[in-house]
Amino acid sequence: MQHLFITGIGTDVGKTVVAAILTEALHADYWKPVQAGLTPTTDAATVRQLVSNPHSRFHPEAYRLALPASPHAAAAAEGIELTPSAFRLPHTENHLVVEGAGGLLVPLAPGFLMVDLLAQLGLAAVVVSRNYLGSINHTLLTLEALRQRQIPVRGIVFNGEPTPATEDFIAQYTGVPILPRVLPEPVLDAAVVRRYAAEFREWLAI
């Protein structure tokens, strides 16, 4: 079974879209450990809408927080402190896709970052990168943080318009496998996700 943790080099780089594609590709279960921001929708609701296979189950978040902010700040606004022991992988005999919040060094609780949660869960990471000024630095820092903690990296997904010079440098410098890319889509729906899932399924050798 493949259990994957989807992280990104920052916020709004496409983690939820990639999580939906991988969930569809693997016919996996999906879990978002902590959701910060409940309107207009949640990441789990978005993935549920984009996934069309009959096998995936969607497990409830450990924490659902109203404020669209860093999880520790969203929790503080509700008088809650996130507890590391509350994050336990849902029981499943299926593949599992877990989606993080923000980047790896987003704080969840005092002394406990998103990367610490990833290490605690013992999963391999899929890193989502999007091209913008500074994205090389952010991508390499993300991969370095994973390497320092000896967290395995399944691969990088480049999301957005192709930027060959940037992507080639990252691939050559890090040696991390490059998964199929995700392009900007005028409409993102279940049919589009199924199309990408077929590419990812072939790459994952399913």
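Can you give the relative contact order of the chain as a percent, counting alpha carbon pairs under 8 Å and 6+ residues apart?
Across the chain, relative contact order equals 27 percent.
Based on DSSP H runs of at least 4 residues, each adding -39500 (n - 2.57), what is the mean residue ellipticity at 222 nm of the chain after dividing by all its residues, to the nearest 500 deg cm²/dmol?
Dividing the helical sum by the residues of the chain leaves -10500 deg cm²/dmol.
Taking the beta-carbon count within 10 Å as an exposure proxy, list 153, 51 from fewest neighbours to most.
153, 51
Rank the residues 167, 81 as a footprinting-exposure proxy: fewest other Cβ atoms within 10 Å of their Cβ go first.
81, 167
I want to verify a result. In a Gaussian network model of the chain, Cα cutoff 10 Å, which of these has the top mean-square fluctuation: 75, 28, 165?
Judging by the Gaussian network model, the answer is 165.
Can you run phi through the Karplus equation (6.51, -1.76, 1.60; θ = phi - 60°) for the range 90-98 and list ³J(HN,Hα) in whole Hz, with x for Gly and Pro?
Along the range 90-98, the couplings run x, 6, 7, 9, 9, 4, 9, 10, 10 Hz.
Per residue and in cubic angstrom, what volume does the convex hull of the Cα atoms of the range 1-114 have?
95
Over the chain, what number does the Rg to Rh ratio reach, with both radii from the alpha-carbon atoms and Rh per Kirkwood?
Answer for the chain: 0.94.
Give me the percent relative contact order of the range 1-76, please, defined on Cα pairs under 8 angstrom at least 6 residues apart.
Once divided by the residue count of the range 1-76, the mean separation gives 32 percent.
Ignoring the sites themselves, what is the longest stretch of the chain with no trypsin sites (Lys or Arg not before Pro) in a DSSP loop and at most 14 other beta-carbon atoms within 10 Å?
89-148
Coordinate-derived values only; no laboratory data. This one's a predicted model, so the numbers in the text were calculated from it and none came from an experiment. As a convention, Cβ positions derive from the backbone with ideal geometry for all residues, glycine included, and neighbour counts pool all protein chains shown.
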